[in-house]
Amino acid sequence: MKSIAINALTKTYTAGAAPAVDRLDLDVAPGEFLTLLGPSGCGKTTTLRCVAGLEAPTQGSIRIGDQLIAAPANGVFVPPERRGVGMVFQSYALWPHMSVFGNVAYPLKMARTPRAEIGRAVDDALTRVGLGGLHTKNVSALSGGQQQRVALARAMVGRPDVMLYDEPLSNLDAKLRFAMRDHIRSVHNSLGTTSVYVTHDQEEAVALSDRIIVMRAGRIQQVDTPRDLYTRPRSTFVADFMGFQNILPATVESRAADHCHVRLDHCPDVVRSAYPAPADGQVSVAFRAQHVRFSQPDALCLAVNAVVTKATDWGSALRLQLDVSGHVVKAIVDEEQLVSQSLSPRPGDPVTFYVRPEHVIVLLSQDDHQDAGLAQAEEGA
Ligand SMILES: Nc1ncnc2c1ncn2[C@@H]1O[C@H](COP(=O)(O)OP(=O)(O)O)[C@@H](O)[C@H]1O
Ligand SMILES: [Mg+2]
């Protein structure tokens, strides 16, 4: 298994324009499954293509294992076919006139692998993606999900050290996406490759990855395990991207080593966070809609008064929009809460809500969250 070491990688497409990737440093451990996550245009594909050898970096260096594969300052550029990488694209990029076998065998034929060995390797690759027996089928006769599995088999048939994926699930419907996700993770585990995966979908990233890099404008915003990223974003940009529907301006009221109190702006109510405040004064407070409770879950939770402005029944849950002294707060009330508390809030009703301190994240407010480009648009509530 091989590591990937990216040092101060910069890629500028157009002289004078902002770089697509800006002095990016990144180490991927041998055998790790690492995801680059971020909104469209933040430089994910460019980073991946620089590793694959499909783009030449403007500055910086990339190593796979001990081998320097790209370093413009030293005139080093190893061509894609000599990097030991397999790549899966969003568009399957198959040869439509060829059979399944022809497509998967192609990279081995290019590498002048002996015929008998090609046969064995293609059989193995197709079995691993659940397409055993489809060798002679024409790829254009296959469904989208099957075509993407052919592309996955082709990318791994040469047993690359590194697998690269660029939004491979984007053209599949929801059900196929789950199945393909399992194929990708099982190929990673069983072949022991090092994998770098690109997506703008936070749920996909969380489900697949050992570690996630959140990117913004060519730079890294946060590097963390999926769990830490999901529960403890470090900036309003990341909080927004990871699906915190509520990010509100607030002021620190009191600080302690292991908690703090913050007051929502223009609001008499204070909330308690189970984390220290990152600064004095102006901050942002973030919490998820599904963490809003309508009965006090524990003694440390502080009450916030609000008025219901919108209630939408989604069957499995009730989505509420609340007004808190001019701030919009979104809440998702699940069936259990609805039933156990016989809640039936209507627009105009006054309500009191609570958020557990460990669900209240306090963030520096200088990076404005308005331009964060909310990935998962929250309709309805
Ligand atoms: N071939 C190209 N020529 C010029 N600009 C490009 C090219 N590819 C990407 N860009 C620009 O580089 C930036 C990063 O793009 P990209 O790496 O594709 O982002 P992502 O994959 O995160 O959506 C964007 O501003 C994009 O418009
Ligand atoms: Mg892209």
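Out of all DSSP beta bridges with both ends in the chain, state the antiparallel percent to the nearest 5.
Approximately 75 percent, going by the DSSP bridge assignments.
Determine ³J(HN,Hα), in whole Hz, for all residues of the range 117-123 in sequence, where each value follows from phi through the Karplus function 6.51 cos²θ - 1.76 cosθ + 1.60 and θ = phi - 60°; x replaces Gly and Pro.
5, 4, x, 5, 5, 5, 3
For the chain, what is the calculated [θ] at 222 nm in deg cm²/dmol (nearest 500), taking -39500 (n - 2.57) for each run of four or more DSSP H residues and dividing by its residue count?
-7000 deg cm²/dmol
What whole-number distance in Å separates the alpha-carbon centres of the range 187-250 and the range 254-269?
27
Roughly how many Å is it from the Cα centre of the range 1-70 to that of the range 109-145, as a whole number?
30
Pull up all non-local amide H partners of Ile69: gap of 5 or more, or a different chain, and H-to-H distance under 5 Å with H placed in the peptide plane.
When sequence neighbours closer than 5 places are left aside, the close amide H contacts are Ile62, Arg63, Ile64.
Might you work out the accessible area of Glu203 for me, using a 1.4 Å probe with all protein chains in place, and round it to the nearest 10 Å²?
110
What list of ³J(HN,Hα) couplings, whole Hz, do you get for the range 99-107 from phi and the Karplus terms 6.51, -1.76, 1.60, once you set θ to phi - 60° and write x for glycine and proline?
Values per residue, Gly and Pro as x: 6, 4, 4, x, 5, 6, 6, 3, x Hz.
Between their Cα atoms, which of Lys11/Lys109; Lys11/Lys330; Lys109/Lys137 are more than 30 Å away from each other?
Beyond 30 Å between Cα atoms: Lys11/Lys109; Lys11/Lys330.
Calculate the FRET efficiency for Gln296 and Glu203 from the Cβ-Cβ distance with a Förster distance of 22 Å, rounded to the nearest 0.05.
About 0.15, to the nearest 0.05.
Between Leu364 and Asp258, 0.36 nm times their residue separation minus their Cα-Cα distance comes to what?
Result for the pair: 36.5 nm of gain on full extension.
Highest first, please rank the peptides 45-56, 191-202, 291-302, 3-14 by the mean number of other Cβ atoms sitting within 10 Å of their residues.
In decreasing order of mean packing, 45-56, 191-202, 291-302, 3-14 become 191-202, 45-56, 3-14, 291-302.
Going by amide H atoms built from the backbone, whose H comes under 5 Å of the H on Phe33, apart from near neighbours?
Counting only residues 5 or more places away or on other chains, the set is Ser195, Asp210, Arg211.
Rounded to the nearest 0.05, what FRET efficiency is calculated for Lys109 and Thr231 with R0 set to 56 Å and r the Cβ-Cβ distance?
It comes out at approximately 0.70.
On full extension of the chain, what length is gained from Ser190 through Arg159, given 0.36 nm per residue of separation minus the C-alpha to C-alpha distance?
In short, 10.0 nm is gained.
Provide the gained length on full extension for the span Arg82 to Arg120, in nm with one decimal, where the gain is 0.36 nm per separating residue minus the Cα-Cα distance.
My answer for the length gained is 11.5 nm.
The values are calculated or read from the model by the stated rules, or taken from the named source; none is laboratory data. All of these numbers come straight from a predicted model, not from anything done at the bench. Heads up, the Cβs are rebuilt from the backbone with ideal geometry, glycines too, and the neighbour counts pull from every protein chain shown. Remember, those area values only see protein heavy atoms, side chains included, never the ligands or the DNA or RNA. Shrake-Rupley method; radii C 1.70, N 1.55, O 1.52, S 1.80 Å.
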